[in-house]
Amino acid sequence: MAAYYVVSEALTNTTKHARASHAHVTVEQRDALLCLSIRDDGIGGAHPAGGSGLTGLRDRVQALGGSIEVDSRPGEGTAILVELPLQPD
């Protein structure tokens, strides 16, 4: 269920803010981690401190014992990389 929330929230942010024409989602298992990658070709420039969407996503991922990276350079789209433990602590 956690993976569904992460992907759903990331795609909602893409739809609302990115002005993207494409988004790509990858889900894979690496050892004891579920790795998610959500990338778009939008306007970039997303900042976790700039709104509740990325802040809420970061809070949820961290509460699940995971990690999140957001790379969103202006004009280059946004990439969100998430690793979640398959067996929570």
_Top-ranked residue in the range 23-44 [being over 14 Å from VAL82 (Cβ atoms) and aliphatic (A, V, I, L, M); ranked as surrounded by the most Cβ atoms within 10 Å (Cβ to Cβ)]_ = ALA23
*Answer from PRO48, PRO74, PRO85 - the residue that is over 12 Å from THR14 (Cβ atoms) and in contact with a helix residue (DSSP H, G or I) (Cβ under 8 Å, 6 or more places away or on another chain)*: PRO48
*Is it true that some residue in the range 48-69 is surrounded by fewer than 18 Cβ atoms within 10 Å (Cβ to Cβ) and in a strand (DSSP E or B)?*
yes
_Could you list, ordered by first residue, the pairs with Cβ atoms under 9 Å in which the first is in the range 56-70 and aliphatic (A, V, I, L, M) and the second is in a loop (DSSP other than H, G, I, E, B), at least 6 apart or interchain?_
LEU64/PRO88; VAL70/ALA46; VAL70/HIS47; VAL70/THR78
*asked:* All but one of (1) modelled with pLDDT under 95; (2) open to solvent by less than 60 Å² (accessible area, probe 1.4 Å); (3) over 23 Å from MET1 (Cα atoms) hold for ALA20; state the number of the condition that does not hold.
replied: (1)
*Only one of (1) touching a Leu at 6+ places or on another chain (Cβ under 6 Å); (2) exposed (fewer than 13 other Cβ atoms within 10 Å of the Cβ); (3) acidic (Asp, Glu) is not met by GLU9, so which one is it?*
(2)
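The values are calculated or read from the model by the stated rules, or taken from the named source; none is laboratory data. As the structure is a computational prediction, the values presented were derived from the model and not from experiment. Cβ sites come from the backbone with ideal geometry, for glycine too, and all protein chains shown count toward neighbours. Accessible surface is based on the protein model in full, side chains and every heavy atom, while ligands, DNA and RNA are left aside. Shrake-Rupley method; radii C 1.70, N 1.55, O 1.52, S 1.80 Å.
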